[in-house]
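Chemist: The structure's right below; bear with me while I get my questions together.
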Amino acid sequence: MTLDYALTGLNDHLRGALPPEIAEVLEADRRRAAGTKFAEVGAKIEDFELPGADGVPTKLGELIADGPAVLVFYRGQWCPYCNLTLRTYQQELLPDLAKLGATLVAISPQRPDGALPDLAFPVLSDVGSTVARGLGLSYPVSGPVRDAMETLGTDLEEVNGTWELVHPAVVVVDRDRVLRFVDVHPDFVTRTEPAEILAAVKSL
C-alpha cells in the first residue's frame, strides 16, 4: 500500500467526520498555493541551528557531517496527515537511509515544548519558520482557515507563536549544503513517497 493511498483513506475518513462548511474551507485550502515558487534543486541552503523537542540544538552541519540529510518539513504534531507520514517514513525509509549513511530529520514550526514525539529520528523546531521561509515553504494562514482550525481546537498562535504554516516538503541536502532533491506539496493531504526519497539519496 502506498503512502498516497493511506493518506487518501485518512482524508476520506476525516472529511466525513467534519461539519460540511469546515470541510469545504479546508478542501479549498488544499488548492490555494498552486503556482507558488519554491527553492530549486542546485540551490544552497543556509546553515542553521534549531532546537529539538527537548530544547537541545542541532546544526545542519552536524546532520550532513557523514552524508546527506533528508529534511522533512511538516505542519505540526496536530496534523494527522503529518503524523501518518512520519510514522511511515520511520517504518519504510529510516532503515534504508541508515544503510546509505543518510540522516532523516523532521522540521516543523512548532515551539519546542519538551514533549518528544514517538520517533527514532530527530524532530526540530523551526520557530518563526526561518528555515522554511528561506526555501519558500512558509505562508500565512487565511482568515477562513484560521476560523476553521480554531473551531476544531487548533490555535496556531499558541502552538507556533504565529498564524503561519509550512507546505509539507522533503528536501535532500548533500554535504556541501546543496539541494539535490526538492519535493513540495501545497496540497497538504499528499506527501512524498518513501521510494522517491530513497531513489533520490541513492542517486547521489
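The values are calculated or read from the model by the stated rules, or taken from the named source; none is laboratory data. Only a predicted model underlies this, so the values are computations on that prediction, with no experimental measurement involved. Quick reminder, even Gly has a Cβ in these numbers, built from the backbone with ideal geometry, and neighbours come from all protein chains shown.
Chemist: What are the residue pairs meeting all of these: first residue in region 164-191, first residue without any contact (Cβ under 8 Å) to a residue 60 or more places away in the chain, second residue hydrophobic (A, V, I, L, M, F, W, C) and surrounded by fewer than 21 Cβ atoms within 10 Å (Cβ to Cβ), Cβ atoms under 9 Å, and 6 or more apart or on different chains?
Modeler: Glu164/Val141
Chemist: Pick out the one residue from Leu18, Leu7 that is surrounded by 13 or more Cβ atoms within 10 Å (Cβ to Cβ) and at pLDDT below 90.
Modeler: None of the others qualify; the one that does is Leu18.
Chemist: Next up: Would you confirm, using the coordinates I've provided, whether Val184 is among the aliphatic types (A, V, I, L, M), surrounded by 19 or more Cβ atoms within 10 Å (Cβ to Cβ) and under 22 Å from Thr8 (Cα atoms)?
Modeler: Values: among the aliphatic types (A, V, I, L, M): yes; surrounded by 19 or more Cβ atoms within 10 Å (Cβ to Cβ): yes; under 22 Å from Thr8 (Cα atoms): yes.
Answer is yes for this residue.
Chemist: Here is a further query. Pick from Ala195, Ala120, Ala148, Ala199: which is surrounded by 17 or more Cβ atoms within 10 Å (Cβ to Cβ) and among the small types (Gly, Ala, Ser)? So that I can check it myself, show each step before the final result.
Modeler: On the way: Ala195 fails: surrounded by 17 or more Cβ atoms within 10 Å (Cβ to Cβ); Ala120 fails: surrounded by 17 or more Cβ atoms within 10 Å (Cβ to Cβ); Ala199 fails: surrounded by 17 or more Cβ atoms within 10 Å (Cβ to Cβ).
Among Ala195, Ala120, Ala148, Ala199, only Ala148 is surrounded by 17 or more Cβ atoms within 10 Å (Cβ to Cβ) and among the small types (Gly, Ala, Ser).
Chemist: Could you list, in sequence order, all residues of region 67-87 that are closer than 18 Å to Thr103 by Cβ and in contact (Cβ under 8 Å) with a residue 60 or more places away in the chain?
Modeler: Gly67, Pro68, Ala69, Val70, Leu71, Val72, Phe73, Tyr74, Thr85
Chemist: Can you tell me which of Asp183, Asp147, Asp176 is charged (D, E, K, R), more than 22 Å from Val56 (Cα to Cα) and modelled with pLDDT under 95?
Modeler: On the way: Asp183 fails: modelled with pLDDT under 95; Asp176 fails: modelled with pLDDT under 95.
Going through Asp183, Asp147, Asp176 in turn, just one is charged (D, E, K, R), more than 22 Å from Val56 (Cα to Cα) and modelled with pLDDT under 95: Asp147.
Chemist: Here's another thing I want to ask about it. As an exercise: evaluate Ala43 against (1) small (Gly, Ala, Ser); (2) free of Cβ contacts under 8 Å to residues at least 60 places away in the same chain; (3) over 16 Å from Leu124 (Cα atoms) and give the number of the one condition it does not meet.
Modeler: The single condition Ala43 does not satisfy is (2).
Chemist: Let me ask something additional. Which of the residues that make up region 90-146 are polar (S, T, N, Q), in a helix (DSSP H, G or I) and in contact with a Ser or Thr (Cβ under 9 Å, 6 or more places away or on another chain)?
Modeler: Residues of region 90-146 polar (S, T, N, Q): 90-91, 103, 108, 110, 125, 129-130, 138, 142.
Filter again for in a helix (DSSP H, G or I), leaving 90-91, 129-130.
Residues satisfying the conditions are Ser129, Thr130.
Chemist: While we're here: Does Leu50 meet the test of being at pLDDT 90 or above, crowded, with 16+ Cβ neighbours inside 10 Å, hydrophobic (A, V, I, L, M, F, W, C) and closer than 22 Å to Trp163 by Cβ? Lay out the reasoning, then the answer.
Modeler: On the way: at pLDDT 90 or above: yes; crowded, with 16+ Cβ neighbours inside 10 Å: yes; hydrophobic (A, V, I, L, M, F, W, C): yes; closer than 22 Å to Trp163 by Cβ: yes.
The answer is yes for Leu50.
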